[in-house]
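Reviewing the structure listed below.
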Amino acid sequence: MDHRIKPARPIIDQPTLFWAIIGFAILGVMDAVYLLVYKLTGNKLMCLGNGGCHDVNFSSYSQIGGIPVSVYGIVAFLVIIGILLLELNSKTARENGPLVVFGISLAGVVFEAYMTWIEVKIIHALCPFCVATMVIISLIFILAAIRLILQTTH
């Protein structure tokens, strides 16, 4: 009984999932860059009238190791995009990319759930752009899970 993951179906068979994940990852980069610019400038007008945005982005939870959390988001979304683009020309990336994207997005969902919990229970404020990040990474996770399931069943 062979339990190895089967090679990914060709990109042509999964173009909707492939491009949807890339599209959501691009939105994620844009959202995270917006949050980084806000963090660096402190321009309250960028919060679009939501005071919770300021409270969250300038709390002690908005950095890890002195690096704004949004930087980690930018890197994660760019890595997802990079892996997907590598799948276009690399057999190894095609075979392993779906699992790696699933793993990164799973870690992102867990991290964002934790951060949302902090916003609600500790900071008592919600940042709409942070919520957007949670929605985006959750959608990527769902699509990545579907893609991984398709890879293992075909």
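The values are calculated or read from the model by the stated rules, or taken from the named source; none is laboratory data. This one's a predicted model, so the numbers in the text were calculated from it and none came from an experiment. Backbone-built Cβ (ideal geometry, glycine too); neighbour counts: all protein chains shown.
Touching a residue at least 60 places away in the same chain (Cβ under 8 Å) and over 18 Å from the mean Cα position of the chain (by Cα), is that true of residue 122?
Yes, satisfied.
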Return the pair list, or none, for Cβ contacts closer than 7 Å from residues in the range 93-112 that are within 19 Å of residue 74 (Cα to Cα) to residues that are crowded, with 18+ Cβ neighbours inside 10 Å and among the hydroxyl-bearing types (Ser, Thr, Tyr), at least 6 apart or on different chains.
112/133
Output the residue which, of all residues in the range 1-36 that are in a helix (DSSP H, G or I) and at pLDDT below 60, is surrounded by the fewest Cβ atoms within 10 Å (Cβ to Cβ).
12
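Matching residues to (1) under 21 Å from residue 38 (Cα atoms); (2) modelled with pLDDT of 95 or more:
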residue: 94; (1), (2): no, no
residue: 101; (1), (2): no, yes
residue: 107; (1), (2): no, yes
residue: 128; (1), (2): yes, no
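Being hydrophobic (A, V, I, L, M, F, W, C) and closer than 14 Å to residue 97 by Cα is the filter; apply it to the range 128-149 and report the residue that is surrounded by the fewest Cβ atoms within 10 Å (Cβ to Cβ).
Filtering the range 128-149 down to residues hydrophobic (A, V, I, L, M, F, W, C) leaves 129-132, 134-137, 139-146, 148-149.
Filter once more, so that each one left must be closer than 14 Å to residue 97 by Cα: 140-141, 143-146, 148-149.
Working: 140: 28, 141: 23, 143: 21, 144: 25, 145: 15, 146: 17, 148: 19, 149: 12.
Applying the filter and picking the extreme gives 149.
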Give 85, 40 a once-over and let me know the one that is in contact with a strand residue (DSSP E or B) (Cβ under 9 Å, 6 or more places away or on another chain), modelled with pLDDT of 90 or more and surrounded by fewer than 16 Cβ atoms within 10 Å (Cβ to Cβ).
40
Options 37, 69, 33, 75: the member that is in contact (Cβ under 8 Å) with a residue 40 or more places away in the chain and out of contact with any Lys or Arg (no Cβ under 9 Å at 6 or more places or on another chain):
33
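Report yes if residue 80 is farther than 19 Å from residue 116 by Cβ, outside any loop (DSSP other than H, G, I, E, B), modelled with pLDDT under 90 and not aromatic (Phe, Trp, Tyr), otherwise no.
no
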I'm checking my understanding of the structure. Among residues of the range 57-66 that are without any contact (Cβ under 8 Å) to a residue 40 or more places away in the chain and assigned to a helix (DSSP H, G or I), which one is surrounded by the most Cβ atoms within 10 Å (Cβ to Cβ)?
62
Members of the range 104-132 found to be closer than 19 Å to residue 29 by Cβ and either among the small types (Gly, Ala, Ser) or not in a helix (DSSP H, G or I) (or both), listed by number
105, 107, 108, 127, 132
